[in-house]
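Report on the following structure.
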Amino acid sequence: MTLSISVGNSVWWMVIILCCTVTALLYLLLRRKNEEQKRKAILIIGYAIMVLFYVHRILIFRYDAYVSLYGNGWKRILTDLLPFNLCYLSMVIMIIGAHLNNKYLIGFCFYISSIGAVLALVSPVGIFTDTNLLQPAVGIFYFLHILVAAAYWNTGFLGLVKPGKAMAITSLFLLNVIGFLIHIVNWLGRSAGIDYMNYFFTFDPDGSSVLEQFWEWVPVPYLYLLVPSNVFFAGCTVLLTLLYQCGVFLRKGKVRTFD
C-alpha cells in the first residue's frame, strides 16, 4: 500500500492539518494543569522526540532513496547519529531547558525550533517528498516534525515562557551563534574528507525549495542563510508573539506588551 506525499497534494495537506490538530489537542490536554505538570509533560515529549530521532536514524539506512543518494558507510552513519540539525539539536536544548527551567532555552525552542520543524514539513528535502508516506523512515520524519512543532509552540501557548522582545532577540542571537559553530563543524568535517557534512544546511540547500530560493539570492555557503534566515526568523518571532498575545487576550481580556 502506498500513500504518495508531495508538496501541495492532498496527503501533504493532511499532514499540515494534522500538525495543527496535534498542537491544539496538546494545548487542550494540558491547559488546566499547573506549571510543573506542563513542564514535565513537555519534558517527557522531549525524551520521546529523542527516542524517535534515533529510531528514525536507524530506519533511514533501510530507505533505498536515502542510501542511493547518500550511501551508508560508517562515516555517513556516524554523522547522521549526531543530533546537529536544527530540529534534532533543539531536542537537547529543550530537555536541558526544561530540566533547568531556563526560560531562554525553552524560548529558543518556541521561537526558532518550532519554525524549523514547520519548514521541514512545508519544504522537505528531496528524499522526503514525491515518495510514500507509509515508508517507515518517511512517516517518522513527518511525525517527528509534527511533534516538535506542537510541543515547542505549546511551551508559549501554555505559559511556560512569556514571549517578548528580550526573549525574541536572545533566540535570534542563539540561532546565529549555534549556526556559526555548526558551520565550523561542517567545514572541519569537509576538510577531513566528509564532503557531505551539511548540518543546518550551511553549505547547500539539499533540495529544500525555501533554502534554494535563499541560494539564488546569495549563492555562497553560510552567507546564503545569514541575512535571509535572520529576516525570516525575525518576522516569525513577531508573528508568534502576536499569536501569543491574542491567546492571552482571549483568556484574560488583556494584551501583554512586546517587552
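Counting 0.36 nm for each residue step from Lys165 to Arg31 and taking away their Cα separation leaves a gain of 45.8 nm.
The dipole here belongs to the chain: it is taken about the Cα centre, uses +1 on the Cβ of Lys and Arg and -1 on the Cβ of Asp and Glu, and is about 1300 debye. Distance from the C-alpha centroid of the range 196-230 to that of the range 167-193: 13 Å, rounded to the whole angstrom.
Need the C-alpha centroid separation for the range 128-159 versus the range 1-56, integer Å. Rounded to whole Å, the Cα centres lie 6 Å apart. Between Ser68 and Thr2, full extension at 0.36 nm per residue minus the direct alpha carbon distance yields a gain of 21.7 nm. Taking the charge dipole of the chain about its Cα centre, with +1 at Lys and Arg Cβ atoms and -1 at Asp and Glu Cβ atoms, the residue from Tyr54, Leu147, Met197 reaching farthest to the positive side is Leu147.
In the chain, taking the dipole from charged Cβ atoms about the Cα centre, the farthest positive-side position among Cys19, Asn132, Met1 is held by Cys19. Between the labelled values (i) 176; (ii) 159; (iii) 128, the entry that holds volume of the Cα convex hull per residue in Å³ as derived from this structure is (iii).
Figure the gain on full extension for Val125 and Asn176 (residue separation times 0.36 nm, minus the Cα-Cα span) and round it to one decimal in nm.
On the way: separation 51, 0.36 × 51 = 18.36 nm, distance 2.20 nm.
Once the chain is fully extended between Val125 and Asn176, it gains 16.2 nm.
In this simple spin-label model, placing a label point 7 Å from the Cα along the Cα-to-Cβ direction at both Leu18 and Ser191 gives a separation of 4.3 nm. The orientation-averaged projection of the convex hull spanning the C-alpha atoms of the range 56-172 amounts to 7.9 square nanometres. Per residue, the average separation of C-alpha pairs within less than 8 Å and at least 6 apart gives the chain a relative contact order of 24 percent.
Shape summary of the range 1-79, radius of gyration then Dmax from alpha carbon positions: 17.6, 49 Å.
Springs between Cα atoms under 10 Å define the GNM used for the chain, and in it the highest mean-square fluctuation of Ile17, Ile182, Ile42 occurs at Ile17. The GNM of the chain, with springs linking C-alpha atoms under 10 angstrom apart, assigns the highest mean-square fluctuation among Leu121, Leu43, Leu25 to Leu25.
Coordinate-derived values only; no laboratory data. Only a predicted model underlies this, so the values are computations on that prediction, with no experimental measurement involved. For neighbour counting, all protein chains shown are included, and Cβ atoms are generated from backbone atoms with ideal geometry for every residue, glycine included.
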